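Asker: Sharing a structure, written as C-alpha cells. Questions coming.
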Amino acid sequence: MTALRSLLLFLLFSGTSAAPAATVVENGPEPVHPPRSVILEELWRIGGLEDEDNLLGLVDGAAVDEEGNVYLLDTQLVTVQVFDSRGRFITSLGRKGEGPGEIRQASEVLLLPDGTVGLMQTFPGRIVKVDRSGLPAGELDLGKNPGEGGLFTLLGADYRGGNLVLAGSRITREESIRYSARFIGSFDPSGNERAVYHRATLTMDTTSGRRDEAAMFFPNRTWAVGPEGEVYIAPERNEYRIEAFAPGGEHRRTITLPYESLERTPQELAAARSWMTPQGRRNLQALEVVVEPTQRDIVQMHVAADLRLWVLSSRGAHPDDPGIHSLWDVFDPEGRFDHQASLPCEGRALEDAVFFAGEDLVILVKEHTDALYTSRSIGRESDEGEGPLPLEVVCYRMTD
C-alpha cells in the first residue's frame, strides 16, 4: 500500500483533527507594542483602464524568483504571466489542455526546488510542471495511485522552506452519502506523505437540498507556510485560534486571541448565498442555502521573512481609515501578539486582494472580488449599480 493511499484511507475514517498537547499562547486583546504603518514602495503596475498591452483575466496568486521576476497566476486565462522586476512582460507559462505542460484549470503557482514552475490543477488533483521557458517538465500526480478509489482533488498548494504543503480531499460515495476526506499535509516531490497537519471528514447526503456554510467549512485559504517550512493553520471558521506545526508535523503551539465575530451586512449575506448556490443547478426552489450571520474570524495569513505571523481578521479587512487597505495582527515567532500593521495602499481588503511574494513584495490585485464573482457568473449587489472595472495589478516592495 502506498504512503499516499495509507494517508487517504486514514483520513477517510477519521473525524476532525485532534492535535497532541502543545504550548498554548493565550493572548490578551491588546498587542505588546503600538501599531505600525508599513512603508510600501510602488515598483510597477499593469492592467486597469489605460493599459492596452496586458490582458488580465483573474489574477489569483503570485510568486517571485531569485532574479525578481514576478509570476502572476491567471486562473481565468489558465496561464502564468511572467514580468521582470520593472513590470515588463517576459513570457507566459502553461495553457489550457490535456497534453504535456497543459492543464484544465490552474489554481496555484509554485516555484519548485528543481527550478521548474508548478501549476496546480484542482480536479483531478495534480501539479503540472514546466521549465522557466514554458517547456513541459513532468508532473506530480496524486490521483492515480493503484488501488485508490474515489475522486481526488487539490484545494491548495505552497512550497516554502523546503516543505511542499498540499490541501486536498478524496471523495467517495456509498449510495446517497458522499464522504470527503480532507487534509492539509506535507509531501515529497514524488507525492509521498511526510506529515499531516489537519484532517476532517465532511459527510453529505446527496438527496438533501441543504447546503450549510458552517458544516462545509474547510480552512483552505487560512493556512500558511513559513520560510523554515513551519505551518500555521486556522482550523475553525468562528474562532480566532491558530495551530502551529513544525515541518515534520510536531504540534508546536496553539495561538488564541479574544475576538467577537463581525456581523455581515445585508449585501455580504446576499453575496454569501450566491456563492453557496450551485451554478447551473436545476430546481433551485428545492435548495436550502444556510449561511453564517458573521464573517469568518480569520481571513488570510502570511509568515514574513522574520518569522512573524501576519493575520488578517474580519475586522482588519474592514479598517475605519479609508486610506488603509487592511490592518493585520502580527505575532512574534513564539505566538505573542506583538503589534498591528496597516497596509496603506490603494483599495479595500474585501474587494482588492493582496498576495505576499518572496521576502518583501506585496502584489495588490484591484477589483479581484468582482472578477472572482464574474468568473463564476455570479452577480453581486452594487451600491453604484455599475459594471466591474478591469483588473489592475500593482507591485509594491515593503521597505519597513
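The values are calculated or read from the model by the stated rules, or taken from the named source; none is laboratory data. This is a predicted model, so every value here is computed, not measured. Positions of Cβ are backbone-derived with ideal geometry, glycine not excepted, and every protein chain shown enters the neighbour counts.
Asker: Please state which one of Glu228, Glu243 is surrounded by fewer than 18 Cβ atoms within 10 Å (Cβ to Cβ), closer than 30 Å to Phe331 by Cβ and modelled with pLDDT of 95 or more.
Answerer: Glu228
Asker: Related question: From the list Pro333, Pro293, Pro344, which residue is of a type outside the set (A, V, I, L, M, F, W, C), surrounded by fewer than 20 Cβ atoms within 10 Å (Cβ to Cβ) and closer than 19 Å to Glu260 by Cα?
Answerer: Pro293
Asker: Something else: Of everything in segment 66-85, what is in contact with a Ser or Thr (Cβ under 6 Å, 6 or more places away or on another chain), at negative phi and not in a strand (DSSP E or B)? Give them in sequence order.
Answerer: Result: Gln76, single match.
Asker: Looking at segment 1-31, which of its residues are surrounded by 12 or more Cβ atoms within 10 Å (Cβ to Cβ) and at pLDDT 95 or above?
Answerer: Correct list: Thr23, Val25, Asn27, Pro31.
Asker: Among the candidates Ala272, Ala234, single out the residue that is out of contact with any helix residue (DSSP H, G or I) (no Cβ under 8 Å at 6 or more places or on another chain) and closer than 23 Å to Phe356 by Cβ.
Answerer: Of Ala272, Ala234, the one residue that is out of contact with any helix residue (DSSP H, G or I) (no Cβ under 8 Å at 6 or more places or on another chain) and closer than 23 Å to Phe356 by Cβ is Ala234.
Asker: If I filter segment 78-92 for residues that are at pLDDT below 95 and in contact with an Asp or Glu (Cβ under 7 Å, 6 or more places away or on another chain), do I get at least one hit?
Answerer: The answer is no; no qualifying residue exists.
Asker: Looking only at segment 25-65, which residues are acidic (Asp, Glu) and either in a strand (DSSP E or B) or touching a Gly at 6+ places or on another chain (Cβ under 9 Å) (or both)?
Answerer: Glu26, Glu41, Glu42, Asp60, Asp65
Asker: So, one more: For segment 78-86, state whether one or more residues are touching a residue at least 60 places away in the same chain (Cβ under 8 Å) and of a type in the set (Lys, Arg).
Answerer: No, the conditions are met nowhere in segment 78-86.
Asker: Would you pick out the residues in segment 166-181 that are part of a strand (DSSP E or B) and out of contact with any strand residue (DSSP E or B) (no Cβ under 8 Å at 6 or more places or on another chain)?
Answerer: Scanning segment 166-181 gives a single hit, Glu174.
Table: residues versus (1) touching a strand residue (DSSP E or B) at 6+ places or on another chain (Cβ under 6 Å); (2) farther than 27 Å from Gly335 by Cβ.
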| residue | (1), (2) |
| --- | --- |
| Phe183 | yes, no |
| Pro189 | no, yes |
| Arg194 | yes, no |
| Thr206 | yes, yes |
| Ala215 | no, yes |
| Phe218 | yes, no |
| Arg221 | no, no |
| Glu236 | no, no |
| Glu239 | no, no |
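Asker: Now for a separate question. How many of the residues in segment 195-210 are out of contact with any Leu (no Cβ under 7 Å at 6 or more places or on another chain) and either within 13 Å of Arg296 (Cα to Cα) or basic (Lys, Arg) (or both)?
Answerer: 1
Asker: For segment 99-128, what are the residues that are over 15 Å from Leu77 (Cβ atoms), small (Gly, Ala, Ser) and under 18 Å from the mean Cα position of the chain (by Cα)?
Answerer: Answer for segment 99-128, where residues must be over 15 Å from Leu77 (Cβ atoms), small (Gly, Ala, Ser) and under 18 Å from the mean Cα position of the chain (by Cα): Gly118, Gly125.
Asker: What residue, of Phe152, Phe123, is of a type in the set (A, V, I, L, M, F, W, C) and outside any strand (DSSP E or B)?
Answerer: Phe123 is the lone residue from the list that is of a type in the set (A, V, I, L, M, F, W, C) and outside any strand (DSSP E or B).
Asker: Let me ask something else about it. May I ask you to list the residues in segment 87-120 that are over 18 Å from Phe355 (Cα atoms) and charged (D, E, K, R)?
Answerer: Of everything in segment 87-120, those that are over 18 Å from Phe355 (Cα atoms) and charged (D, E, K, R) turn out to be Arg88, Arg95, Lys96, Glu98, Glu102, Arg104, Asp114.
Asker: Please determine whether any residue of segment 366-376 is surrounded by fewer than 21 Cβ atoms within 10 Å (Cβ to Cβ), modelled with pLDDT of 95 or more, under 21 Å from Ala317 (Cα atoms) and touching a Pro at 6+ places or on another chain (Cβ under 7 Å).
Answerer: No, because not a single residue in segment 366-376 is surrounded by fewer than 21 Cβ atoms within 10 Å (Cβ to Cβ), modelled with pLDDT of 95 or more, under 21 Å from Ala317 (Cα atoms) and touching a Pro at 6+ places or on another chain (Cβ under 7 Å).
Asker: Moving on to the next point. Condition check: modelled with pLDDT under 95 and either at negative phi or surrounded by 12 or more Cβ atoms within 10 Å (Cβ to Cβ) (or both). Does Leu43 satisfy that?
Answerer: No: the conditions fail for Leu43.
Asker: Could you tell me how many of the residues in segment 188-223 are out of contact with any Lys or Arg (no Cβ under 6 Å at 6 or more places or on another chain), exposed (fewer than 15 other Cβ atoms within 10 Å of the Cβ) and within 26 Å of Glu174 (Cα to Cα)?
Answerer: 10
Asker: Just for segment 246-267: of the residues that are over 24 Å from Gly28 (Cβ atoms) and at pLDDT 95 or above, which one is surrounded by the fewest Cβ atoms within 10 Å (Cβ to Cβ)?
Answerer: Pro266
Asker: Look at segment 56-83 and say how many of its residues are more than 23 Å from Gly97 (Cβ to Cβ) and not β-branched (Val, Ile, Thr).
Answerer: The total comes to 7.
Asker: Of these, Leu58, Leu43, Leu72, which one is within 20 Å of Arg397 (Cβ to Cβ) and within 19 Å of the chain's Cα centre (by Cα)?
Answerer: Of Leu58, Leu43, Leu72, the one residue that is within 20 Å of Arg397 (Cβ to Cβ) and within 19 Å of the chain's Cα centre (by Cα) is Leu72.
Asker: While we're on this one: How many residues are at pLDDT 70 or above and either crowded, with 17+ Cβ neighbours inside 10 Å or part of a strand (DSSP E or B) (or both) if we restrict to segment 129-149?
Answerer: 10
Asker: Okay, next question. Identify the residue in segment 183-199 that is modelled with pLDDT of 95 or more and not β-branched (Val, Ile, Thr) and, among all such residues, is nearest to Arg253 (Cα to Cα).
Answerer: Among those residues, the one meeting the criterion is Tyr197.
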